[in-house]
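Written out below as C-alpha cells is the structure these notes cover.
The values are calculated or read from the model by the stated rules, or taken from the named source; none is laboratory data. Fair warning: this is a prediction, and the values are worked out from it, not measured in the lab. Positions of Cβ are generated from backbone atoms using ideal geometry, with glycine treated the same way; all protein chains shown enter the neighbour counts. When the accessible area is computed, the model is the full protein with side chains, heavy atoms only, and any ligands, DNA or RNA have been set aside. Shrake-Rupley method; radii C 1.70, N 1.55, O 1.52, S 1.80 Å.
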Amino acid sequence: MGDRVTVSVIKADIGSVAGHSRPHPKMMTKCADILRDGVKGGTIDDFYVTRVGDDVNLYMTHSRGENDKTVHGLAWEAFQSATKEAKQMKLYAAGQDILTDAFSGNVRGAGPGAAEIEFTERGSEPLLFFMADKTEPSSFSLPLTRIFMDPFTTTGLVIDPRAHLGFKFEIVDVCDSKKIVMCAPEESYDILSILGDTTRYAIKRVMSRIDNIGVAAVVSTEKLNLAAGKYVGKDDPVMVVRCQSGLPAVGEVLQPFMFPQLVAGWMRGSHHGAWYPCSVEDSDPSYFDGPPRIVCLGFQISNGKFQGLEDPESPPGIHTPIDYFAGSVWNEARRRATKVSIYIRGHGPFMPGILSPEEMEYTTRPSVLGKLKERMEDIE
Ligand code: F6R
Ligand code: MG
Ligand code: MG
C-alpha cells in the first residue's frame, strides 16, 4: 500500500467551433500551460487535458484531498484563460460554464463539474475515466448498478471472494437535497426502486465493503445539488472508476455500455437519445447535436502520477491513455445507438422523443398556455 492520492477531474463547456461541437486546440493548450505551472508551483503532481464533444476535461493528481481550494482555483484559472482565447476567436458559447467572475474557493456550484476520488494507492491502480456529452449524471445509474450489483454483468460478484461481499452506494435525492448510503446485495431491490426515477435520484459514489479499498467510483453531480428542488441537471457528467483486485475488472466495467441506453439530454437538453460509445476523436456531436456521447479513457495511477502508453519518464501532462471505445468491437453498439436515435427522432416534438415537461431545458409551454388562457373553455 502506498500514499494517499487524490484524482480530480474538473470539466466545463467554455466554448467551441461552429456550435456546441469541439473546443479549439488553442483552448486546450492554454489549459495545459496553466496546469503545467500548477505542477511547477507544487499545487498538483500531474495532469492530462482532454475533451468530450464541447466539454474540456482537466484530469489532475495531487495529495490535497477533495474540494481543495488551491486545486479548484487552478482549474478555474485554466478555464478562464481558455475562455479568453475562445472569446478572442468569437467561438460559440465562449465561457458558458464560468457563471461567476469571482472564484469563491470551489468550482462546485459555480458552473464546472467535478468528480474527485481520494484513495491509498494499491500495488497497481487501474482507473477508467468516463466522460459524457449531452446528458445528465443519473445516466450513469444504470451502468453502475449493472457493474456493482448485477452478477450477470460482473461475474466477479459471484466468483471473486472480495467482490462477493458486495458494494455500498451513496445515492442523492436532488429534489430534497438529501443523500443516503445503501448496501448491495441485501438492499438491491430497494436501490433499484429508487434509482429507476432518473429525474430525481443519482448515484454519487460506490464504495467497496473491504476496509482498505475505499471509494470505487464517483460521479459529478454538481448542478443537480445546486438546483435542488428544480431539475435542471443536463450537465454532461464525468465518472471515475477504480478497477481490478477486488473491484470489478476493466472489462466488467465497460460491458454495460454495449447497450445503447436511452438517456435524457441531447438537443437543447430536452430530448431522449441513445448513448453512443466512441473515441475522443469521434465525440463531436454530428447528428441533431448528438447523439449523446460516452467516452472512456484508461490510465494507471503510479506513485501519484498518470501512467499511460508513453515512457514512464515523460514530463507531467504528456500522456497517452487507452481510448477504450475506439475499438471496432464497439461498432455494433454505435450501429444500434444510431438506429435507436433515428427511431426516437421520428417522434419529433412529441414524448418520448422530447422529455417530460418538468425536465425540458427549453420550453415555450408556460407562455403559450398563458396566451391561450382566455380561449380555454370548460368541457361540458
Ligand atoms: C449544448 C447543446 C445544444 C444546444 C442547442 C441550442 O451543449 O446540447 O444542443 O442546446 O444547440 O443552443 P443555443 O440555444 O445556444 O442556440
Ligand atoms: Mg454546450
Ligand atoms: Mg457538452
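Can you name every residue in the stretch 352-380 that is over 9 Å from residue 270 (Cα atoms) and among the hydroxyl-bearing types (Ser, Thr, Tyr)?
The answer is 364, 367.
Can you work out which of the residues in the stretch 85-105 that are charged (D, E, K, R) and exposed (fewer than 14 other Cβ atoms within 10 Å of the Cβ) is nearest to ligand 1 (Cβ to nearest atom)? So that I can check it myself, show each step before the final result.
As a first pass, look at the stretch 85-105 and keep what is charged (D, E, K, R): 85, 87, 90, 97, 101.
Remaining after also requiring exposed (fewer than 14 other Cβ atoms within 10 Å of the Cβ): 87, 90, 101.
Numbers: 87: 15, 90: 14, 101: 21 Å.
Per the criteria, the residue is 90.
Quick check: anything in the stretch 361-370 β-branched (Val, Ile, Thr) and crowded, with 16+ Cβ neighbours inside 10 Å?
First pass over the stretch 361-370, keeping only residues β-branched (Val, Ile, Thr): 363-364, 368.
With the extra rule that they be crowded, with 16+ Cβ neighbours inside 10 Å, the set shrinks to none.
No: the stretch 361-370 contains no residue that is β-branched (Val, Ile, Thr) and crowded, with 16+ Cβ neighbours inside 10 Å.
For the stretch 303-321, enumerate the residues that are among the hydrophobic types (A, V, I, L, M, F, W, C) and either under 23 Å from the mean Cα position of the chain (by Cα) or open to solvent by less than 80 Å² (accessible area, probe 1.4 Å) (or both).
Selection gives 306, 318.
Tell me whether the stretch 267-274 contains one or more residues that are of a type in the set (S, T, N, Q), open to solvent by 30 Å² or more (accessible area, probe 1.4 Å) and over 17 Å from the mean Cα position of the chain (by Cα).
Scanning the stretch 267-274, I find no residue that is of a type in the set (S, T, N, Q), open to solvent by 30 Å² or more (accessible area, probe 1.4 Å) and over 17 Å from the mean Cα position of the chain (by Cα), so the answer is no.
Residue 130 versus (1) crowded, with 24+ Cβ neighbours inside 10 Å; (2) on the phi > 0 side of the Ramachandran plot; (3) away from ligand 1 (no atom under 16 Å from the Cβ): which is the lone unmet condition?
(2)
If a residue has to be of a type in the set (S, T, N, Q), open to solvent by 10 Å² or more (accessible area, probe 1.4 Å) and more than 16 Å from ligand 3 (Cβ to nearest atom) to count, how many in the stretch 1-29 make the cut?
Quick first cut of the stretch 1-29, residues of a type in the set (S, T, N, Q) only: 6, 8, 16, 21, 29.
Applying the additional criterion that residues be open to solvent by 10 Å² or more (accessible area, probe 1.4 Å) yields 21, 29.
Then drop every residue that is not more than 16 Å from ligand 3 (Cβ to nearest atom), which leaves 29.
Residues flagged as of a type in the set (S, T, N, Q), open to solvent by 10 Å² or more (accessible area, probe 1.4 Å) and more than 16 Å from ligand 3 (Cβ to nearest atom) within the stretch 1-29 amount to 1.
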